[in-house]
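Take a look at the structure set out below.
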Amino acid sequence: MDHLLIGSIIAFLITFSAIPIIIRVAEMKHLFDVPDDDRKVHINPVPSLGGIGIFAGFILALLIAVPNGGLELQFMAASFMVIFFLGIKDDIVVLTPLKKFLGQLVAAAILVFKGGILIQSMHGFFGIHELPYALSVALTFFTIIVVTNSFNLIDGVDGLAGSLGMLATCAFGVYFFLAQMPLYSVMAFSMSGALAAFLIFNVSPAKIFMGDTGSLLVGTVNSILVIKFIQVASSANSVLSIPSAPAVGFAILFVPLFDTLRIFSYRILSRRSPFSPDRNHVHHLLLEKGCSHNMVTFLAVAFNVLIIALTFMGRNLGNTLLLLGLVSVGFSTISLLIYTNRTKRRRFFQTIRGQKDFEIETKVITLKATGTTGMEAEEIAH
């Protein structure tokens, strides 16, 4: 318990102290996220280097508070450094999607081949259990890349990525604390502490964004935590075994992970790059319904908490049934949002068209009343 408190407090204090300095430096050097396309929902330029503060608080807390981390911690820290430099370069000079992807592959390779982060089983999903080594490596790379990018892609509304990241790391942190795994519990709560401090400056209206430096780091940390959670919680020899651990892990990351898988699938089916930008994310759909930034964040976090609770209560149903149920719930929710938004847009345009027809009709009647000929009235109305 002492290590958890030390880690979370150190992370919070360092991040809280660093963010105001980063804001001042960003303003001096004009390092802003400028709303230069229709995907971005903020109006004014905002500093986008908040991830530096998150990284500083997290990595220092992790190195100070973890008891006997050994080589496992060293390789994880090396992976975090790769992600940090990748993110900060993208925040300052903007990298191509290919370069970002290659950098993420390097970080994932360190975790898989040196850090011991590996998915070795499907745990009965569709009747599949142990995986061949090559397939295990491929699935682990895929999971790390997708989870890492899920927080990067969901970071489109003030407070959203930070709040979802904090929810996930707190959930994983509690499990690893109860499972007596100090390295992972300290890692989770250190990230939670850093995000708690960052959110003070990121709630709407945001004074700073986490940028790719922060979102990629939060995603990488959660990819490690969810893979380790599935590995440990699925083991019968674990101190705290949880039935259907893969489904529970997916539920903990449900909002960012499902949204990313849905968007990637849609873009690929549309013959576009999965990293190409658009306005089809869940937060865009909620904003289109008229929700504020704070309301979008609240709804997303509340929905994710509900999904976690329902999945945990149904953990004895098995991975296949639970995962299919989660996907069904996700698509049903998104379909409802899209349908109601289209209905709203249709009614809006019908109202505008009706107002225009009324104005034209009024002009024609007025012109006729003043003695204007029908042909002249029609020409003026048009």
message: On C-alpha positions alone, give me the angle between the axis of helix 254-269 and the longest principal axis of the chain, in degrees, nearest 10.
response: 60 degrees
message: Apply the a/c threshold of 1.5 to the C-alpha gyration tensor of segment 1-132 and tell me whether it is rounded, prolate or oblate.
response: oblate
Dipole of the chain [Lys/Arg +1, Asp/Glu -1 at C-beta], most positive-end residue of M122, A197, G70: M122
field: Cα gyration tensor shape of segment 225-272, rounded if a/c is under 1.5, else prolate or oblate by comparing a/b with b/c
entry: prolate
message: Counting other beta carbons within 10 Å of each residue's own, what order do M122, M76 fall into, fewest first?
response: M122, M76
task: Please tell me which of these pairs span more than 31 angstrom C-alpha to C-alpha: K100/K228; K29/K100; K29/K99; K114/K207; K89/K114; K99/K228?
output: K114/K207
- prompt: Order of H293, H283 from fewest to most other C-beta atoms within 10 Å?
  reply: H293, H283
- request: Could you state the angle between the C-alpha long axis of helix 211-233 and the longest principal axis of the C-alpha atoms of the chain, as a value from 0 to 90 degrees rounded to the nearest 10?
  value: 50 degrees
- request: Assign one of three labels to segment 166-315, namely rounded, prolate or oblate, based on the Cα gyration tensor with a ≥ b ≥ c the square roots of its eigenvalues; rounded applies when a/c is under 1.5, prolate when it is not and a/b is larger than b/c, and oblate otherwise.
  value: prolate
message: For a distance above 28 Å, tell me the whole-number percent of Cα pairs in the chain that qualify.
response: 49 percent
query: What longest region of the chain stays clear of chymotrypsin sites (Phe, Trp or Tyr not before Pro) that DSSP places outside H, G, I, E and B and that have at most 16 other Cβ atoms within 10 Å?
result: 127-274
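FYI, it's all coordinate maths here, none of it is from the lab. Predicted, not measured: the structure shown is a model, and the values here were computed from it. In this analysis, Cβ positions are derived from the backbone assuming ideal geometry, glycine residues included, and neighbour counts consider all displayed protein chains.
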